[in-house]
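Here is the structure we will look at, set down as structure tokens.
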């Protein structure tokens with residue numbers, strides 16, 4: 001397990017959204033992509049590997065984190081896809097042995113560790129895309145480093161509007177990340193003359209709730225699997241009252257004006273509608289929720305630090 005230090009600070013917003021909207025939001029993305037890969041013909045250079053048996057009573061999302069002191073990372077600090085500031089192994093973060101000892105254990109499942117060779121073999125000639133904020137980016141980095149164990153010739157990849165990614169030539173697999181922190185299109189609008197009576201206002205960010213961000217609006221035909229997320233940026237630390245979000249639909253200002261979390265709900269509803277209509281039906285699509293934030297002594301941009309080296313208890317979330 002790799003704990004990420006850059007996490008969302010607004011996990012409580014999920015309770016404000018409708019159950020119907022979040023009925024298909026999925027947290028453990030890697031597990032689901034892995035299961036999808038098992039439904040495809042397995043690649044094996046010598047002899048086929050058996051599929052993981054999944055019992056009918058298996059629920060991968062119900063279980064607990066357990067510590068295995070003998071567990072070690074699949075990759076090391078030399079992975080070229082790391083960002084230097086986030087390379088906890090190279091930066092010798094304290095308690096990395098304990099941090100890396102955690103693994104997810106479903107209640108009624110025998111979940112084995114990911115096999116990079118088997119995974120890439122199953123995904124041969126296919127592409128995987130991540131769309132969203134830094135939570136997806138953090139996940140992507142760990143994912144790329146894990147897969148590179150199976151193909152050391154992997155190369156950095158930044159095409160199709162991707163922020164970052166990698167190409168694995170031995171398997172002809174591309175994994176890319178498209179940065180779209182709100183998913184919807186948004187742009188800065190400076191303060192207007194008729195805003196003079198609003199003290200402290202510097203301008204607004206216009207959010208078109210029914211238009212996807214350019215970073216991912218035209219990528220549907222390229223990817224076989226897409227993983228979406230948003231949430232990290234939906235907070236007043238990102239958009240304070242001096243520079244608020246203002247929501248538009250069909251080119252018109254939504255009236256009455258939406259509060260931030262209501263705007264998030266409307267954006268998600270419209271982005272889901274766009275995905276269902278415009279992306280190929282055969283493309284496998286996932287949504288991720290946010291991780292609970294765990295900064296201590298200040299926020300991420302206020303000298304806060306990530307001192308936690310174990311999973312949070314349910315009551316702490």
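Compute the separation of the alpha-carbon centres of the stretch 71-91 and the stretch 244-258 and state it in Å as a whole number. Centre-to-centre distance over Cα atoms comes out at 43 Å. Taking 0.36 nm per residue of separation and subtracting the current Cα-Cα distance, fully stretching the chain between residue 84 and residue 236 would add 51.9 nm.
The Rg/Rh ratio of the stretch 212-297, with both radii computed over alpha carbons and Rh defined as the Kirkwood radius, is 1.01. Comparing Cα centroids, the stretch 199-233 and the stretch 104-152 end up 24 angstrom apart. For residue 313 and residue 67, a Förster radius of 22 Å and the Cβ-Cβ distance give a FRET efficiency of 0.95, rounded to the nearest 0.05. With the simple spin-label model, which puts each label point 7 Å out from Cα in the Cβ direction, the residue 124 to residue 249 separation comes to 4.7 nm. If R0 is 41 Å, the Cβ-Cβ spacing of residue 108 and residue 218 corresponds to a FRET efficiency of close to 0.45.
Looking only at the stretch 192-317, where both bridge partners belong to it, what percent of the DSSP beta bridges are antiparallel (to the nearest 5)? Here the antiparallel bridges make up roughly 25 percent for the stretch 192-317.
Highest mean packing first, where packing is the average number of other Cβ atoms within 10 Å per residue, the peptides 57-65, 268-276, 221-229, 248-256 line up as 221-229, 268-276, 57-65, 248-256. Maximal additional length on extending the residue 94-residue 194 stretch stands at 30.7 nm, based on 0.36 nm per residue less the C-alpha distance.
Each value in this text was obtained by applying a stated rule to the coordinates, not by laboratory testing. This structure is a prediction, so every number in the text was calculated from the model and none was measured. All Cβ positions, glycine included, derive from the backbone under ideal geometry; neighbour counts span all protein chains shown.
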